[in-house]
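Laboratory data are not the source of any read-out in this text; all were calculated from the coordinates shown. Quick caveat: nothing in here was measured; it's all calculated off a predicted structure. In this analysis, Cβ positions are derived from the backbone assuming ideal geometry, glycine residues included, and neighbour counts consider all displayed protein chains.
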Amino acid sequence: MTTVSEIDPAPALVTLADLTPVHYRESFTLPITSPSSALPITSPSSASPITSTSGVGPARTAEQWARLVLERAPWKARAQMLTAWTLLGIPLAPPWSRTQVLGWRIVRNTPAAIVLESRAALGITARLVFHTSGTHLTQVMLVRYDHRPGRLVWSRLAPGHRRFIRSLLSRL
């Protein structure tokens, strides 16, 4: 298992997410220099696996890391995510759409960073940022409460969400 550290979100990544105001934030980082970073991942734009032969992982873009974390999570974890998002009233993008990652709409995408967004009917807007530096992967989640019910619901879900995200990242 990979060591995952909780960190303060880098101001540049918060700015990149372009979500204001931000009422909740969490951020994790992990080294991607281990041999597990050389595992193949299939790019959505090609049928061939993309691998890092250096073991450092620079062959993976931020989008590929996001897809690995979310779309290649164990079946049970993916089912939990999709169920929770449905219960929160998050309209997910169709799975065949290239403008989404496990239903989250892609807002911004560069090789080093991807920003994903979801908006829940309960009054929560969330943005996920995956950033790769070549040696570390950083995941930042920012939440804005659009309505009072969103604050009430998220305050109960946040501690479990932190544990869940840490477990998803630690399996890399």
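At a glance:
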{"item": "Packing-based order for 150-159, 123-132, using average beta carbon neighbours within 10 Å, highest first", "result": "123-132, 150-159"}
{"item": "³J(HN,Hα) computed for each position of region 131-143 - Karplus, 6.51 cos²θ - 1.76 cosθ + 1.60, integer Hz, glycine/proline x", "result": "10, 10, 9, x, 10, 9, 10, 10, 10, 10, 10, 10, 10"}
{"item": "Three-way shape label, region 91-148, alpha-carbon gyration tensor, a/c 1.5", "result": "oblate"}
